[in-house]
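Q: This is the structure I want to talk about, given as structure tokens.
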Amino acid sequence: MMDQGLSPTQIARQLGVARLTVYRWKSRGQGKGASNQPTGRKPALAAQQRRQLERILERGAIRYGFPTEVWTGKPIAQVIRERFGVVYHFKSIPYVLHLLGWSWQKPQKKALERDEQAVAHWIRYRWPRIKKSSGAGSDDDFRG
């Protein structure tokens, strides 16, 4: 289409794509690009830094100086900033963990005084009666 005299903007409109896509196609057609090259921004942490981060995370948050063993986005972002001088927003940390081959785990919040036996009893015996009733159940169903 460019050989026919159309501009990248005209081609983009006709094909319903972004103008930058047309430029990318043009570059590839001239041997300046390859279709199997990764796109997007390069990871801010080098491979060696990612391996170091993984070792830090495996050792645990307490060993690094945090009060609990729970690694959340903010402490991990703090470690990355302190150790490698790279700033990540804590909401981007799941992406960093994905690069390490890890998955983001969200801890369940449970009351410290939770009685697991009482919960199991309630789920086994009381919940089925509440579920079967047409409404929310009587007040007796919600007492220990």
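Q: Name every residue in segment 78-111 that is free of Cβ contacts under 8 Å to residues at least 24 places away in the same chain and surrounded by 17 or more Cβ atoms within 10 Å (Cβ to Cβ), in order of residue number.
A: Correct list: Ile93, Leu97.
Q: Here are the criteria: (1) polar (S, T, N, Q); (2) at pLDDT below 90; (3) loosely packed, with under 10 Cβ neighbours inside 10 Å. Tell me which single one Gln48 does not satisfy.
A: (2)
Q: Inside segment 1-13, can you point out the residues that are surrounded by 10 or more Cβ atoms within 10 Å (Cβ to Cβ) and modelled with pLDDT of 85 or more?
A: Selection gives Leu6, Ser7, Pro8, Thr9, Gln10, Ile11, Ala12, Arg13.
Q: Select from segment 58-72 the residues that are free of Cβ contacts under 8 Å to residues at least 24 places away in the same chain, under 18 Å from His98 (Cα atoms) and of a type in the set (A, V, I, L, M, F, W, C) and list them in ascending order.
A: Within segment 58-72, Trp71 is the sole residue that qualifies.
Q: Is it the case that some residue within segment 56-77 is touching a Gly at 6+ places or on another chain (Cβ under 7 Å), of a type in the set (Lys, Arg), surrounded by 10 or more Cβ atoms within 10 Å (Cβ to Cβ) and modelled with pLDDT of 85 or more?
A: There is no residue in segment 56-77 that is touching a Gly at 6+ places or on another chain (Cβ under 7 Å), of a type in the set (Lys, Arg), surrounded by 10 or more Cβ atoms within 10 Å (Cβ to Cβ) and modelled with pLDDT of 85 or more.
The values are calculated or read from the model by the stated rules, or taken from the named source; none is laboratory data. Just so we're clear, the structure is a prediction, and the values are computed from it rather than from any experiment. Backbone-built Cβ (ideal geometry, glycine too); neighbour counts: all protein chains shown.
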